[in-house]
Amino acid sequence: MNNNTSIKYTAVLPDEYIMELKELASKKIIPSVNYGIKSAVEQYLEQSRKERYAKNMQEAAKDEEFLKRTLNCQKDFDFIDCEGIGEW
């Protein structure tokens, strides 16, 4: 999610996190404290999205109507998938 719009937002973080980020920035391991915070938030959100997707898929796997629609949809594409192969 590369968004050119940024919003300033104040957050309270433990001082040890900031000190460690400042140390990483001073050693040029990360470009800045802000970069470290932004990267951490991006990683957290991506992981959260993956976990929610996995949970939704687990729930969908238990939904008979969802499975029926999915299988019917797959059948609709079976013919298209074999076009050009000489199987129709």
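Bear in mind these aren't lab numbers, they're just calculated from the coordinates by the rules spelled out. Keep in mind it's a predicted model, so treat the numbers as computed, not measured. Neighbour counts run over all protein chains shown; Cβ positions are idealised from the backbone, glycine included.
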Give, as a single signed number, the net charge of other residues whose beta carbon lies under 12 Å from the beta carbon of Leu21, with Lys and Arg counted +1 and Asp and Glu -1.
-1
Would you list, by chain and number, the lysines whose Cα falls below 16 Å from the Cα of Lys22, excluding same-chain residues fewer than 8 positions away?
Lys38
Could you pull out every one of the lysines with an alpha carbon less than 22 Å from that of Lys55, ignoring same-chain neighbours closer than 8 positions?
Lys68
Where does segment 1-69 land on the Kirkwood hydrodynamic radius, alpha-carbon pairs, in angstrom?
15.1
Just order 34-44, 55-65, 8-18 by mean Cβ neighbour count inside 10 Å, highest at the front, would you?
34-44, 55-65, 8-18
